[in-house]
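See below for the structure under consideration.
The values are calculated or read from the model by the stated rules, or taken from the named source; none is laboratory data. Bear in mind that the values here come from a model prediction, so they are computed numbers and not experimental data. We place every Cβ from the backbone using ideal geometry, glycine too, and count neighbours over all the protein chains shown.
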Amino acid sequence: MGGSPFQYYFGFFLLLLGFKAGLGSSLRVGDAKVGCIERERQALLHFKQGVVDDYGMLSSWGNGEDKRDCCKWRGVECNNQTGHVIMLDLHGMSDFQFLGGKIGPSLAELQHLKHLNLSWNDFEGILPPQLGNLSNLQSLDLRYNADMTCGNLDWLSHLPLLTHLDLSFVNLSKAIHWPRAIKKMPALTELYLSDTQLPPIDPTVSISHINSSTSLAVLELFENDLTSSIFPWLLNFSSCLVYLDLSNNHLNGSIPDAFGNMTTLAYLHLSFNQLEGEIPRSFSINLVALDLSWNHLHGSIPDAFGNMTSLAYLHLSGNQLEGEIPKSLRDLCNLQILSLSQNNLTGLLEKDFLACSNNTLEYLYLSDNQFRGSFPYLSGFSQLRELYLEFNQLSGTLPESIGQLAQLKVLNIRSNSLQGTVSANHLFGLSKLWDLDLSFNSLTVNISLEQVPRFQAFEIKLASCKLGPHFPNWLRTQKYLSMLDISASGISNVLPNWFWNFTSKLSWLNISNNHISGTLPNLTSRLFYLGMDISSNCLEGTIPQSLFNAQWLDLSKNMFSGSISLSCGTTNQSSWGLSHLDLSNNRLSGELPKCWEQWKDLIVLNLANNNFSGKIKNSIGLSYHMQTLHLRNNSLTGALPWSLKNCRDLRLLDLGKNKLLGKIPAWIGGSLSNLIVVNLRSNEFNGSIPLNLCQLKKIHMLDLSSNNLSGTIPKCLNNLSAMAQNGSLVITYEEDLLFLMPLSYLDNTLVQWKGKELEYDKTLGLVKSIDFSNNKLIGEIPTEVADLVELVSLNLSRNYLIGPIPSMIGQLKSLDSLDLSQNRLHGGIPVSLSQIARLSVLDLSDNILSGKIPSGTQLQSFNASTYEGNPGLCGPPLLKKCPEDEKREVSFTGLSNEEYIQEDANNIWFYGNIVLGFIIGFWGVCGTLLLNSSWRYAYFQFLSMIKDWLYMTTTVNMNRIRRSLQS
């Protein structure tokens, strides 16, 4: 929900201020008719001595004759009759005027003080417990003194009349018995202890029986370290509490049903915790505001919410709720804010889904769900100010009735499936609109200069809407635009001359992914204070110097040419400086700019795929915040500057395809321990691979290929622990420009993969690869490589490696690509290699390997070219048979002519004996029967008996089967 959590919480903050003002005392400074008491005057002067007053807030305090009456001092109010000081209000001013120093114990002399307000200052040190002597104190406000601490709150027990206490932002981390202190304040009605590092209540101590103050109406404890152990303590206030804020804590488990018994509770805030389970159906029906957003709640929205007819603010965003919006919500006639964003809600937004609230609803947040169907009917919601429906599945067209929402300020329907045309009729009635976002739909925006909408927007975002081919002239009527995004909108002509005057006040401009041509004018004024994205267009010419004033600048994938050395003359007027610069894929030339001192805030620098030449200046190390450095595919020369070791935040270093030379510095491994990607391929580096590279514990991709490296492969490669562990890293950089425009940069690099150069970005973290190919490496492949069990690609080809392939290489179960070709490896192919089921690319060609290729479907599935150039290899898929296979064939077919003859003779004798035996057996029986009549008679009689027995048995069994089937 684009910016909406901040907006509605800011609204709640304003609401709280109004609520506190209603409950709190009205404090005003009056003129005392009686001079102040001298003892109290001296106490105030002693207090002043410990105060740092850089802004002259206490200039009226002093010993001069005209300053004798302390009742006339700034912030002091006295009783008109007695002259005693009854109020001291020295809160910091809205124009950032504040006091510093320490609060001295001399204030304890002001025994008649009723109201003390030292909030919004910069007081430090321990809060003096002597304040507990101010027994007449009714309100104490010390909030937002960032460096103030308080070890315990026991001194509060001496303030029996205190009704209002605000210690927000005071450090109370050591006040472990704070509930006990509050118990002893019977008159307390308002307690504010937010953001105080308040320790959780000890669950081993029983506190549910404590007779705490029965008058406490307001309890604000947001942003502390409280856990669910606080819930039993809250039951003490079930009959009096009106306002309860426990947001931004560590509450977990389910929400207690006991909240339903708090009949006086009107405002309940439990957002930004870790609460889970389903939402209870027993909340008090008297609730006015309920905020359960940003927890882990699941299940459906209870129908019982419809019974809370007083409900005006309902926030359930950021959970895992599912199902449809219950129809009972249509009965909430007082609803002003409904926030259900970032859940899994489904269903249709029917015409009457909030029928009763159409005259009260002001803010509707339904983004990041799964709502489908057509755009909801909202024309009757006359008070609607903000509408967020982005990231859903709404389809159909945008109804013209949306233009009847005359109070609408924000319309955000980003990332749905809406289609059709948006004309002036849709927007003409929205005269108060300041934020319009129709991005990432299939909408055509067709507005002419004759039908310009009446609104003057601050933000217009129409990304991926159809605006072109001509530039939308109606935009020139917008005088106050701060953000404009018309990227991927089909614009294909030249930017008009009026465009640069129109955009002179922009904070963010995105016209990327169009076909805009022409040149950029020589802009002299400071433009694009925050950021600009003109990438993926057809712009040419030189880059104007003033553009480098931006904080975020992306001019990549154009046809810009010339040098950028003039950019060093730019004085960036942004207090943040240039942090993101992408000029990749252009035609820029000349040396790299020498303005690294000016670019000390750089985080992302991408100058890849240009024509830059010369050396990388040593001053590049001044940009020590850099996380991504792309200088790939230029003509850079010389050695790597040693100052790069100062860039300890570097995660990606891509210097491939240049003419860099010298040795690879050992400090890459020693100083740049956060590196995830190192790409130095296709340069002229020489010497050996430094052992320090083994210290890169986070490395996912190490490419040193196509250089002049020599020596052996380090045996310590098994120390590259990220390649031995499951999990991936996506290299991203996120920035929120002045808290207005959240931007993200997803890093990418080219990877030599399966013989091709492929660009990886979102899946870059999954590519765990080592490529040392095309160098002059010698020695054996270290067996330690087999420990990198999550390695996906290993390329050691085109070197002078000798020795066997490590026998345990089969441990690399994740290996997808293995290239060991064009070396001098000998010995057999390890049997374990056939156990890598994921292997899809294998090249062992042009070595001295011998023996049989291990059997198994994996290794036999590759082409014969995988193994060619190894004369000693045999077996499938090669046509060459192995000796043992030939012997096996011989065992069946013979190995020589003599053996064939002997085998034939044996076969003749074998088959001859069979025939002879058949003849002798046949005639031995049949001949006897023919010659002896008695034997012949007995033999045939026996056969007849056998036939009769078989017939009888078969008949009996068949009759049984028929009877069983009939029954």
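Among the hydroxyl-bearing types (Ser, Thr, Tyr), assigned to a loop (DSSP other than H, G, I, E, B) and over 19 Å from Asn606 (Cα atoms): is that true of Ser682 in this structure?
No; evaluated as a whole, the condition is false for this residue.
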Go through the range 145-170 and give me each residue that's farther than 19 Å from Gly104 by Cα, surrounded by fewer than 17 Cβ atoms within 10 Å (Cβ to Cβ) and among the small types (Gly, Ala, Ser). Ser157
Output the residues belonging to the range 357-370 that are within 22 Å of the chain's Cα centre (by Cα) and either in a loop (DSSP other than H, G, I, E, B) or under 19 Å from Gly396 (Cβ atoms) (or both). Leu366, Ser367, Asp368, Asn369, Gln370
When you scan the range 78-136, how many residues do you find that are surrounded by fewer than 21 Cβ atoms within 10 Å (Cβ to Cβ), at pLDDT below 95, in a strand (DSSP E or B) and of a type outside the set (Gly, Ala, Ser)? 4
Index of the failed condition, Ser832 passing every other in (1) surrounded by 17 or more Cβ atoms within 10 Å (Cβ to Cβ); (2) out of contact with any strand residue (DSSP E or B) (no Cβ under 8 Å at 6 or more places or on another chain); (3) in a loop (DSSP other than H, G, I, E, B): (3)
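Is it the case that the range 845-858 has a residue that's within 41 Å of the chain's Cα centre (by Cα), surrounded by 16 or more Cβ atoms within 10 Å (Cβ to Cβ) and among the hydrophobic types (A, V, I, L, M, F, W, C)?
no
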Among the numbered conditions (1) surrounded by 18 or more Cβ atoms within 10 Å (Cβ to Cβ); (2) modelled with pLDDT under 90; (3) over 26 Å from Cys465 (Cβ atoms); (4) of a type in the set (Phe, Trp, Tyr), tell me where Phe560 comes up short. (2)
Subset of the range 804-829, residues closer than 14 Å to Phe862 by Cα and in a strand (DSSP E or B), comes to Ser817, Leu818, Asp819
Just name the residue that is nearest to the chain's Cα centre (by Cα) out of those in the range 666-676 that are part of a loop (DSSP other than H, G, I, E, B) and surrounded by fewer than 20 Cβ atoms within 10 Å (Cβ to Cβ). Asn674
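Would a scan of the range 832-841 turn up a residue that is at pLDDT 95 or above and among the hydrophobic types (A, V, I, L, M, F, W, C)?
For the range 832-841, residues at pLDDT 95 or above and among the hydrophobic types (A, V, I, L, M, F, W, C): absent.
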Scan of the range 310-356 for residues that are within 21 Å of Leu411 (Cα to Cα), touching an Asp or Glu at 6+ places or on another chain (Cβ under 9 Å) and outside any loop (DSSP other than H, G, I, E, B), ordered by number: Tyr313, Leu314, His315, Ile337, Ser339, Leu345, Leu348, Ala355
If I go through the range 371-424 residue by residue, how many of them are within 33 Å of the chain's Cα centre (by Cα) and either part of a loop (DSSP other than H, G, I, E, B) or among the charged types (D, E, K, R) (or both)? 20
Determine whether Asp649 is of a type in the set (D, E, K, R) and buried (at least 16 other Cβ atoms within 10 Å of the Cβ). no
Restricting to the range 772-812, name every residue that is at pLDDT 95 or above, crowded, with 19+ Cβ neighbours inside 10 Å, farther than 18 Å from Pro830 by Cα and not aliphatic (A, V, I, L, M). Phe772, Ser773, Asn774, Asn775, Arg798, Asn799
Selection count, the range 469-495, where residues are part of a loop (DSSP other than H, G, I, E, B) and either among the basic types (Lys, Arg) or surrounded by fewer than 16 Cβ atoms within 10 Å (Cβ to Cβ) (or both): 6
Exception for Arg587 within (1) among the charged types (D, E, K, R); (2) out of contact with any strand residue (DSSP E or B) (no Cβ under 7 Å at 6 or more places or on another chain); (3) at pLDDT 85 or above falls at (2)
Looking at the range 693-711 only, could you name the residues that are over 25 Å from the mean Cα position of the chain (by Cα) and surrounded by fewer than 18 Cβ atoms within 10 Å (Cβ to Cβ)? Asn708, Ser710, Gly711
Scan the range 459-472 and give yes if some residue there is under 22 Å from Gln419 (Cβ atoms) and β-branched (Val, Ile, Thr), otherwise no. yes
